[in-house]
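Asks: Below you'll find the structure I mean.
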Amino acid sequence: MKRRLGSSGIEVHAVGLGAMALSIAGRPPQAQALAVIRAFVEGGGNFIDTANVYSLDDTDIGHSERLVGRALDALGARDQVVVATKGGLRRPHGQWVSDGRPHWLRESCAASLRALGVQRIDLYHLHAVDPAVPIEDSMGALVRLQEAGWIAHIGVSNVDAAQLERARAVAQVVSVQNRCNVLEQRDLRSGLLARCARDDIAYLPHSSVGGHHGHVRLRESKVVAGIAARHGVTPYQVAVAWLLAQGENVIPIPGAARVESVRASLAALRILLTPAEIAALDALADG
Ligand SMILES: NC(=O)c1ccc[n+]([C@@H]2O[C@H](COP(=O)([O-])OP(=O)(O)OC[C@H]3O[C@@H](n4cnc5c(N)ncnc54)[C@H](OP(=O)(O)O)[C@@H]3O)[C@@H](O)[C@H]2O)c1
């Protein structure tokens with residue numbers, strides 16, 4: 001099953017891969033990380049989400065981008081996989097700190113091109129809005145990178161509806177990447193996800209099955225467990241199937257540090273939840 005990356009017109013497999021867990025603290029050995037990406041591509045996946053800051057700290061920036069580039073070269077899959085990356089954060093001493101200043105975005109993008117080993121980045125997200133920098137200034141920097149041919153398409157991440165509108169006044173935004181999963185449905189309740197669908201913007205729910213740490217909460221839900229048991233699948237797969245059911249513009253990007261996780265997420269495409277099951281899952285979280 002393919003889905004469009006909004007108005008970019010690019011079609012990708014409906015389940016992507018979030019590469020964060022392969023590069024931050026607790027990351028697996030490199031051979032395992034490469035095996036995860038291989039399993040994803042061999043399983044039919046062709047959309048990988050990364051970021052310059054998926055690394056241990058500022059001294060390790062670009063770890064994930066180098067890994068993804070190396071894996072795609074080894075697989076001979078450069079041309080068949082769409083890679084999205086991001087700029088707008090820093091990792092001093094392993095913290096996550098926003099920096100949306102135009103000159104930093106330009107410097108970051110130049111480094112991302114080198115780390116990925118490409119001439120042009122398929123999709124570049126502003127990772128987060130920097131409270132110290134008007135979003136128009138950060139987006140303006142991305143438009144200049146697009147005009148220079150460094151990036152093909154622009155997305156935003158961790159935005160609310162008002163920030164999205166301000167961003168769209170400056171740039172053609174093809175994707176929104178916000179936190180969203182069956183336990184955290186804020187963008188469904190607020191109507192942001194539906195608004196993206198209306199405006200031909202792909203919605204990429206990050207922390208797709210609960211997040212790097214939060215995913216363990218999935219296993220505690222009796223509702224999710226009951227539906228999983230009925231379909232003979234895992235709660236994680238139900239969580240991915242539920243996201244896919246939220247709209248044609250939704251492309252989940254579940255993370256994985258294990259090959260088993262990535263295979264299971266791709267297999268979730270085959271699960272057809274009933275309207276009653278979707279309604280029960282919709283009612284789970286309160287925003
Ligand atoms: N824009 C942002 O600010 C932002 C923030 C956070 C994340 N993200 C993006 O969103 C992606 C996903 O978020 P995430 O990795 O933090 O959280 P996640 O997708 O909720 O995944 C968390 C963990 O759940 C496990 N898992 C996932 N699918 C599974 C399955 N089908 N079966 C069994 N276990 C499964 C994996 O564990 P194992 O590691 O054991 O395989 C994974 O590391 C990230 O990789 C990143 O690309 C973006």
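Asks: Within segment 168-179, is there a residue that is among the charged types (D, E, K, R), outside any loop (DSSP other than H, G, I, E, B) and either in contact with a helix residue (DSSP H, G or I) (Cβ under 7 Å, 6 or more places away or on another chain) or closer than 30 Å to A285 by Cβ (or both)?
Replies: Within segment 168-179, one or more residues are among the charged types (D, E, K, R), outside any loop (DSSP other than H, G, I, E, B) and either in contact with a helix residue (DSSP H, G or I) (Cβ under 7 Å, 6 or more places away or on another chain) or closer than 30 Å to A285 by Cβ (or both).
Asks: Hey, among the residues in segment 1-50 that are β-branched (V, I, T) and assigned to a loop (DSSP other than H, G, I, E, B), which one's nearest to the ligand (Cβ to nearest atom)?
Replies: In this case the residue turns out to be T50.
Asks: When residues of segment 143-161 are filtered for being part of a helix (DSSP H, G or I) and within 23 Å of E248 (Cα to Cα), how many remain?
Replies: Selection size over segment 143-161: 1.
Asks: If L193 passes every condition in (1) modelled with pLDDT of 95 or more; (2) more than 29 Å from C109 (Cβ to Cβ); (3) more than 8 Å from the ligand (Cβ to nearest atom); (4) in a helix (DSSP H, G or I) but one, which one does it miss?
Replies: All conditions pass for L193, except number (2).
Asks: For segment 90-113, enumerate the residues that are assigned to a loop (DSSP other than H, G, I, E, B) and either on the phi > 0 side of the Ramachandran plot or buried (at least 16 other Cβ atoms within 10 Å of the Cβ) (or both).
Replies: R91, D99, G100, R101 - these are the residues of segment 90-113 that are assigned to a loop (DSSP other than H, G, I, E, B) and either on the phi > 0 side of the Ramachandran plot or buried (at least 16 other Cβ atoms within 10 Å of the Cβ) (or both).
Asks: Can I ask one more? Would segment 252-272 turn up any residue that is in a loop (DSSP other than H, G, I, E, B), on the phi > 0 side of the Ramachandran plot and more than 10 Å from the ligand (Cβ to nearest atom)?
Replies: No, segment 252-272 contains no residue that is in a loop (DSSP other than H, G, I, E, B), on the phi > 0 side of the Ramachandran plot and more than 10 Å from the ligand (Cβ to nearest atom).
Asks: Can we say G211 is within 11 Å of the ligand (Cβ to nearest atom), surrounded by 13 or more Cβ atoms within 10 Å (Cβ to Cβ), outside any helix (DSSP H, G or I) and of a type outside the set (A, V, I, L, M, F, W, C)? Quick ask: steps written out before the conclusion?
Replies: Details: within 11 Å of the ligand (Cβ to nearest atom): yes; surrounded by 13 or more Cβ atoms within 10 Å (Cβ to Cβ): yes; outside any helix (DSSP H, G or I): yes; of a type outside the set (A, V, I, L, M, F, W, C): yes.
In short, yes.
Conditions tested, residue by residue: (1) at pLDDT 95 or above; (2) under 18 Å from A25 (Cβ atoms); (3) outside any loop (DSSP other than H, G, I, E, B).
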{"residue": "N52", "(1), (2), (3)": "yes, yes, no"}
{"residue": "L67", "(1), (2), (3)": "yes, yes, yes"}
{"residue": "D73", "(1), (2), (3)": "yes, no, yes"}
{"residue": "V83", "(1), (2), (3)": "yes, no, yes"}
{"residue": "A115", "(1), (2), (3)": "yes, no, yes"}
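Asks: Another question, then. Which residue pairs have Cβ atoms under 6 Å apart, sit 6 or more places apart or on different chains, and have a first residue in segment 31-59 that is touching a residue at least 24 places away in the same chain (Cβ under 8 Å) and a second that is within 15 Å of the ligand (Cβ to nearest atom) and acidic (D, E)?
Replies: T50/E65
Asks: Which of the residues spanning segment 236-251 are assigned to a loop (DSSP other than H, G, I, E, B) and not aliphatic (A, V, I, L, M)?
Replies: Quick first cut of segment 236-251, residues assigned to a loop (DSSP other than H, G, I, E, B) only: 245-249, 251.
Across segment 236-251, the qualifying residues are Q246, G247, E248, N249.
Asks: Now a separate question. Can you find even one residue in segment 5-23 that is polar (S, T, N, Q), within 14 Å of the chain's Cα centre (by Cα) and within 28 Å of I135 (Cα to Cα)?
Replies: Among the residues of segment 5-23, not one is polar (S, T, N, Q), within 14 Å of the chain's Cα centre (by Cα) and within 28 Å of I135 (Cα to Cα), which makes the answer no.
Asks: Can you tell me which of L218, L204 is in a helix (DSSP H, G or I) and near the ligand (Cβ under 10 Å from one of its atoms)?
Replies: L218
The values are calculated or read from the model by the stated rules, or taken from the named source; none is laboratory data. In this text the structure is predicted, and so the values were computed from the model without any measurement. Every residue, glycine among them, receives a Cβ derived from its backbone with ideal geometry; neighbour counts consider all protein chains shown.
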